[in-house]
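To keep things clear, I will list the structure first and then write my remarks on it.
What follows draws every value from the coordinates through simple rules; no lab data is involved. Just so you know, these numbers come straight off a predicted model, no measurement behind them. Every residue, glycine among them, receives a Cβ derived from its backbone with ideal geometry; neighbour counts consider all protein chains shown.
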């Protein structure tokens with residue numbers, strides 16, 4: 001069974017904020033995927049992080065996964081509202097999280113995949129329902145283990161992300177990566 005990595009927009013923005021998308025691509029090793037709502041969020045975030053504009057053309061996250069079935073769309077909407085606090089007045093808010101959770105939990109070809117998010121509440125929910133979930137610091141640790149970057153470079157990258165205004169977990173010392 002093949003499993004995939006599903007970074008959410010916060011993670012994409014973290015890496016884009018430090019010109020680190022090539023590193024993210026190496027860490028994902030051809031297993032990156034995204035839903036249509038995450039792709040749309042990244043497109044909107046490209047106003048602030050222009051490197052995100054290139055993601056669709058580069059293709060290393062694959063084609064955005066679309067949920068076309070009306071029953072599945074209803075399930076996603078229930079998750080968006082009940083779990084993530086989405087509302088009718090903001091129909092796109094938390095849609096990416098809800099789509100990603102739905103796909104990982106319900107689509108056989110993505111069973112066992114990992115969701116990567118820096119949203120603490122989303123991480124807690126994912127773990128409670130059995131979705132493997134990681135954050136940006138975990139992803140950098142994966143990159144260190146795979147030889148994509150050194151421990152000190154990874155730690156400096158996390159600190160730089162934080163310095164550039166990104167909200168993410170940074171271990172207190174590089175030895176914790």
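What to note about this one:
- Pair-distance profile P(r), taking every C-alpha pair of the stretch 5-135, with 10 angstrom steps and integer %: 13, 47, 34, 6
- Using a cutoff of 8 angstrom between alpha carbon atoms and counting only pairs six or more residues apart, the relative contact order for the chain works out to 25 percent.
- A Förster distance of 35 Å, applied to the separation of the beta-carbon atoms of residue 152 and residue 111, puts the FRET efficiency at 0.45.
- Summary of packing: across the peptides 51-64, 24-37, the per-residue average of other C-beta atoms within 10 Å ranks them, highest first, as 24-37, 51-64.
- Extending 7 Å from Cα along the Cβ direction at residue 163 and again at residue 124 yields two label points whose distance is 3.2 nm.
- GNM on the chain, alpha-carbon springs under 10 angstrom: the most fluctuating residue among 126, 163, 137 is 163.
- Cα long-axis angle, helix 36-45 against the chain (0 to 90 degrees, to the nearest 10): 50
- Subtracting the Cα-Cα distance of residue 40 and residue 58 from their residue separation scaled by 0.36 nm leaves 4.9 nm.
- Rounded FRET efficiency, nearest 0.05, which uses the C-beta distance separating residue 132 from residue 71 and R0 of 35 Å: 0.85
- Crossing angle, helix 70-82 versus the chain [Cα axis fit, 0-90 degrees, rounded to tens]: 60
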